[in-house]
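Notes to accompany the following structure.
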Amino acid sequence: MNITSVSDLSISDESLIIENLCLTLTNEQLAFEKKLLENENLRLQHLLSDKELEMEMLREQIDELDGENQDLHMEVNELQEEIADLTETVNDLLED
């Protein structure tokens with residue numbers, strides 16, 4: 001087919017051209033949306049990475065607090081033993 005002007009186009013040729021233009025626009029829109037989704041995915045990956053780091057820091061803090069808590073429990077136990085010893089001593093002195 002030799003087309004030299006618009007008047008040489010048939011209705012079906014015009015339809016095909018319009019359909020081709022529509023498909024081209026659709027492809028460009030899909031490419032743009034894909035790029036938006038890729039950017040959003042990167043943003044979410046960075047956010048996830050930040051949250052994972054934050055969680056690791058919180059785990060470390062929990063471990064530190066747990067260690068401090070255990071130390072305090074040991075101190076409380078020691079103080080309770082001292083109180084028991086002192087109570088026993090006071091009772092012995094009161095009996096004498």
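Only the coordinates and a few stated rules stand behind these numbers; no lab work does. These figures come from a predicted structure and were not determined experimentally. Please note: Cβ atoms are built from the backbone with ideal geometry, for glycine as well, and neighbour counts cover all protein chains shown.
Summary of computed values
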item: Simple label model, 7 Å out from Cα along Cβ direction - GLN70 to SER15, nm; result: 8.0
item: Residue-by-residue Karplus 3J(HN,Hα) for region 41-57, coefficients 6.51, -1.76, 1.60, Hz, glycine and proline x; result: 4, 4, 4, 5, 5, 5, 4, 4, 4, 4, 5, 5, 5, 4, 5, 5, 5
item: Cα lying deepest toward the dipole's positive end in the chain, options LEU65, ASN77, LEU42, charges on Cβ; result: LEU42
item: Pairwise label distance in nanometres, ASN41 with LEU79, each label 7 Å out on the Cα-Cβ vector; result: 5.7
item: The chain - convex hull of the alpha-carbon atoms, volume per residue in Å³; result: 122
item: Estimated vicinal HN-Hα couplings, Hz - region 65-79 in sequence order (Karplus 6.51, -1.76, 1.60; Gly, Pro = x); result: 5, 5, x, 4, 4, 5, 4, 5, 4, 5, 4, 4, 4, 4, 5
